[in-house]
Amino acid sequence: MGTTGPGDAEPVLPEPVLLTEPNGGTPEVVSTPDQLAAVSGAIAAGHGPIAVDTERASGYRYSQRAYLVQVRRDGVGTVLIDPVAVGDRVQPLAEALAGTEWVLHAASQDMPCLAELNLRPDRLFDTELAGRLAGYERVALGTLVEQMLGYRLEKGHGAADWSRRPLPQDWLNYAALDVELLVPLRDALEAELRVQGKFDWALEEFEALRTAEPAAPRAEPWRRTSGIHRVRTPRGLAAVRSRWEARDALARQRDVAPGRVLPDSAIVHAAVTAPADEVGLLQLPVFRGRAQRRLADVWMRALRGAAELTRDQLPDPAPPNDGPPPANRWADKDPEAAARLAAARAALTAIAERNRLPLENLMQPDLVRRTCWEPPKVINHDTVADALRAGGAREWQIRLTLDALVESLNP
């Protein structure tokens, strides 16, 4: 099959080959400790990098745990493991994977649930991140496989409820296909990155991703309620907060996605209309349904709790923010900082275009804003490099951008 590089003129290519199931068929799901021990031994005896993927039940379950783990390695083929069936005791698999390179696509989505199983890579190659660094505009797995390898993966079950048992055969085919071509894609991307002189950059990125600390929990997660901008008073925000917290407790207890307990739109609508009693609440859309009528006392207790708060207990209308203000306000608040940011953005955009990189991969946008808002007291190459390093910038990013940022930060 022919391949193209990012930015190349589009040649006439053969129609991609549609894959509906893995080469050799879809294996049976590993669901007992004895089966797990056997396949783990086979994986350990295989060779080369190991393709890894997971399936979760986002949108159905509260937890983000893995309900299926897919592994593929040369000399072994594909293995599908049900971690629930083995009680999440997957130590034999962890031992088989130790010391190997894992190949994942969009690794940040899978690594947290793998870590819950005590599965952590010693080396990592992320094909989505590699595609971004190589300059591909579209980096979905199916898109990269089609463009670089000439195959089309049959898709359609990524958003399914993977907690369902038994898993349908077509879902298992889909899951197995997700790791079928990950290693060949990895090899093609490495070759492309080496041609562009970016492979060392990618290694730095992979290691930063592999060793990154888990993100700290949000201080006020309820502020991400969809449509909250319609709520304009502290008392209304307190009503959103109290119902959000009540919903979250129920969802966690039942292991059900919060939006399936009560949609965001209902939380916001109740906060805006502020019904005086349960009768008024049950007249609102969504709350009229049988499931919500059974929970009416829960929602009203939350509303009454918000109504009884003293003024100093109400949430601040402005969300907490430890960083600079929104960039569109800089010109009024600090014109010099606004000029620094404009100069830095222009310089970084030019560098990104020359190197065929997404701007956000050249340098983290939040770090650029923070550095421009509050630059080092003495601006020179050493102090700016130290500030970037302290903010998480990788060495390759600093080498590419340091001259331009020092110039942008100088008055």
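Between Val378, Val69, Val286, the Gaussian network model of the chain with springs among Cα atoms under 10 angstrom shows the greatest mean-square fluctuation at Val378. Expressed as a whole percent, how much of the Cα-Cα distance distribution for the chain exceeds 35 Å? When all Cα pairs of the chain are counted, 46 percent exceed 35 Å.
Among Ile81, Ile379, Ile43, the largest mean-square fluctuation in a Gaussian network model of the chain, built with springs joining Cα atoms closer than 10 Å, belongs to Ile379. Dividing the summed -39500 (n - 2.57) terms of all DSSP H runs of n ≥ 4 by the residue count of the chain sets its mean residue ellipticity at 222 nm at -14500 deg cm²/dmol. Of all lysines in the structure, the ones whose alpha carbon falls short of 24 Å from that of Lys377, not counting any fewer than 8 places away in one chain, are Lys333. Across segment 192-204, computed HN-Hα scalar couplings (Karplus, 6.51 cos²θ - 1.76 cosθ + 1.60, θ = phi - 60°) run 5, 5, 5, 4, 7, x, 10, 5, 5, 4, 4, 4, 4 Hz from first to last residue, x flagging Gly and Pro.
Any idea what the relative contact order of the chain is, in percent, if you count C-alpha pairs under 8 Å spaced at least 6 apart? Relative contact order, the chain: 15 percent. Which of Pro275, Leu250, Thr211 sits closest to the plus end of the dipole of segment 208-275, meaning its Cα is farthest towards the positive end, when Lys and Arg get +1 and Asp and Glu get -1 on the C-beta? Selected residue: Pro275. Phi angles across segment 114-129 convert, under the Karplus curve 6.51 cos²θ - 1.76 cosθ + 1.60 with θ = phi - 60°, into 3J(HN,Hα) values of 5, 5, 4, 8, 6, 10, 9, x, 8, 9, 9, 10, 9, 5, 5, 5 Hz, Gly and Pro given as x. Here's the picture: charge each Lys and Arg Cβ at +1 and each Asp and Glu Cβ at -1 in the chain, and of Ala191, Val286, Ala344 the one pushed furthest to the positive end of that dipole is Val286. Across segment 376-384, computed HN-Hα scalar couplings (Karplus, 6.51 cos²θ - 1.76 cosθ + 1.60, θ = phi - 60°) run x, 4, 10, 9, 8, 4, 5, 5, 5 Hz from first to last residue, x flagging Gly and Pro. Simple point charges give the picture: +1 on the Cβ of Lys and Arg, -1 on the Cβ of Asp and Glu, and for the chain a dipole about the Cα centre of about 1960 debye. For segment 213-235, the residues whose amide N sits under 19 Å from a probe point set 7 Å from the Cα of Leu284 along the beta carbon direction are 222-235. The residue list Pro326, Ala57, Leu388 was ranked by how far each Cα lies along the charge dipole of the chain toward its positive end, using unit charges on Cβ atoms, and Pro326 comes out on top. For segment 272-322, the dipole from Cβ point charges (+1 on Lys and Arg, -1 on Asp and Glu) about the Cα centre works out to 440 debye, to the nearest 20.
Coordinate-derived values only; no laboratory data. None of the values given here were measured: they were computed from a predicted structure. Cβ: placed from backbone, ideal geometry, glycine included. Neighbour counts: every protein chain shown.
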